[in-house]
């Protein structure tokens with residue numbers, strides 16, 4: 001009777017974690033559309049897209065609060081509760097970063113972004129968002145792993161984690177390259193500051209994804 005009882009306690013939080021991951025994935029799609037719209041100089045739905053991302057961030061927060069509220073003291077879990085919450089926090093910071101980037105973009109008109117850099121910025125956006133499908137898949141696989149403790153599932157989860165780390169390293173290289181390009185354009189100080197901070201904020205998305213992977217690695221470690 002021990003395994004069924006444990007399964008009752010562990011199913012709810014990991015189901016919520018998967019639901020939260022889907023909100024992040026949905027937010028990524030809206031975020032990409034919003035940035036692409038902003039950089040086009042001709043799109044009129046940027047503000048609406050920004051509000052949609054903000055609404056998804058609030059929905060993700062609601063899922064996060066529900067997960068926490070359903071884990072009272074003494075709840076049995078197959079992983080350390082502190083690690084679980086650390087994972088949830090990093091996953092939540094991904095969608096927080098979407099909102100932060102869009103807010104930062106809204107402070108200046110799109111024509112202030114040099115045309116020569118727009119393609120590179122969008123390429124970096126694509127790079128940091130690419131791993132989010134894998135992040136969502138990792139959560140699905142980890143949910144199954146903690147039900148069965150199958151070694152095959154564990155290897156799949158670890159494969160996802162390795163790919164997340166690889167993508168974060170690639171994002172770091174892109175961030176460094178873009179910073180060099182920004183300083184080379186000879187723009188005014190305000191433009192330089194705005195662009196450098198923008199690139200750092202975009203890079204933070206990849207950082208939080210990697211951090212989530214690291215927390216998952218700790219949870220599946222034996």
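Listed values, structure above:
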{"quantity": "Verdict on residue 158 being surrounded by fewer than 20 Cβ atoms within 10 Å (Cβ to Cβ), more than 19 Å from residue 35 (Cα to Cα) and touching a residue at least 12 places away in the same chain (Cβ under 8 Å)", "calculated": "yes"}
{"quantity": "Among the candidates 143, 134, 108, residue that is over 18 Å from the mean Cα position of the chain (by Cα), assigned to a helix (DSSP H, G or I) and over 18 Å from residue 181 (Cα atoms)", "calculated": "143"}
{"quantity": "Qualifying residues in region 44-53 (those that are within 14 Å of residue 105 (Cβ to Cβ) and surrounded by 16 or more Cβ atoms within 10 Å (Cβ to Cβ)) - the one farthest from the chain's Cα centre (by Cα)", "calculated": "46"}
{"quantity": "Some residue of region 134-152 being over 24 Å from residue 19 (Cβ atoms), free of Cβ contacts under 8 Å to residues at least 24 places away in the same chain and surrounded by fewer than 18 Cβ atoms within 10 Å (Cβ to Cβ)", "calculated": "yes"}
{"quantity": "Hits in region 1-39 (condition: surrounded by fewer than 18 Cβ atoms within 10 Å (Cβ to Cβ), modelled with pLDDT of 85 or more and over 22 Å from residue 205 (Cα atoms))", "calculated": "15"}
{"quantity": "Residue check, residue 163 assigned to a helix (DSSP H, G or I), in contact with a helix residue (DSSP H, G or I) (Cβ under 6 Å, 6 or more places away or on another chain), farther than 21 Å from residue 102 by Cβ and without any contact (Cβ under 8 Å) to a residue 40 or more places away in the chain", "calculated": "yes"}
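The values are calculated or read from the model by the stated rules, or taken from the named source; none is laboratory data. This one's a predicted model, so the numbers in the text were calculated from it and none came from an experiment. FYI the Cβ positions are ideal-geometry reconstructions off the backbone, even for glycines, and counts take in every protein chain you see.
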